[in-house]
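Here, each number is a calculation from the coordinates, and none is a lab measurement. The shown structure was predicted, so the numbers you read here are calculated from the model rather than taken from an experiment. All Cβ positions, even for glycine, are placed from backbone atoms using ideal geometry, and neighbour counts span all protein chains on display.
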Amino acid sequence: MSAGHTEVTTPDPELFFDPSEECGIREVLDRIGDKWSVQVMVELSRGVRRFRELQRALPGGISQRMLTLTVRRLERDGLVARTVYPTVPPQVEYELTGLGWSLARLVRSLADWSREHRAEMADFRHQWDEAHRGAAE
C-alpha cells in the first residue's frame, strides 16, 4: 500500500456473489464456453436458419456431427427451437427462443466490450510479459 493510499476498499456488493451459492452459473458458462454454442447463437440472432445454412455460415468449418450435437444441447437448454416440416426430405429450421434471445443480448454486450477493450488488454498483456520476462525460465 502506498503512503498516499489510506482508503479501505471493499468489493461492490452488486458484483459480489458467493461461489458456494448454487446459482447455476457453471452450467451457463459450460454451455456458452464451448467452441460452437456462441457462434451458433450469433448466427441464429441474424434469423431463422436451415441446418446447411447454419453449417455454411459458421467460420472455421463445423462438422455435421458437431453442429448436430451443438444445436441439440442448445435446444435441450431451451435456447434454440427446432421446427421440422413434413416434406420429403424433411426440412428443419432453427431459431432462437425467447430465452435464447435474452442470452444473445448478453453475449452481444460481452462481444461489444471485447471489441472495445481488445487493444487495451493486449497492451497490458505485453507490459506484463515484458515485466516478467525470464521469470518462468
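If you place +1 on the Cβ of every Lys and Arg and -1 on the Cβ of every Asp and Glu, how big does the dipole about the Cα centre of segment 25-131 come out, in debye to the nearest 20? Mind dumping the intermediate values first?
Working: 18 positive and 15 negative charges, 118 e Å.
For segment 25-131, the charge dipole is close to 560 debye.
Between Ser45 and His132, what is the spin-label point distance in nm, taking each point 7 Å from the Cα along the Cα→C-beta axis?
3.1
Rounded, prolate or oblate, given the Cα gyration tensor of segment 25-131, with a/c below 1.5 counting as rounded? Before the final figure, lay out the partial values.
On the way: a/c = 2.59, a/b = 2.18, b/c = 1.19.
It comes out prolate by the Cα gyration axes.
I'd like the Kirkwood hydrodynamic radius of segment 80-137, using the inverse of the mean 1/r over distinct C-alpha pairs, in Å.
Numbers: mean 1/r = 0.0644 Å⁻¹.
Value: 15.5 Å, from the Cα pair sum.
For the pair Thr97/Ala119, report the inter-label distance in nm, with labels modelled 7 Å from Cα in the Cβ direction.
4.1
Taking the Cα-to-Cβ direction at Arg65 and at Val28 and moving 7 Å from each Cα, how far apart do the two end points lie in nm?
Those two pseudo-labels are separated by 3.2 nm.
For Val84 and Leu110 in the same chain, what is the full-extension length gain: residue separation times 0.36 nm, less their Cα-Cα distance, in nm?
Details: separation 26, 0.36 × 26 = 9.36 nm, distance 3.22 nm.
Separation in residues times 0.36 nm, less the Cα-Cα distance, equals 6.1 nm.
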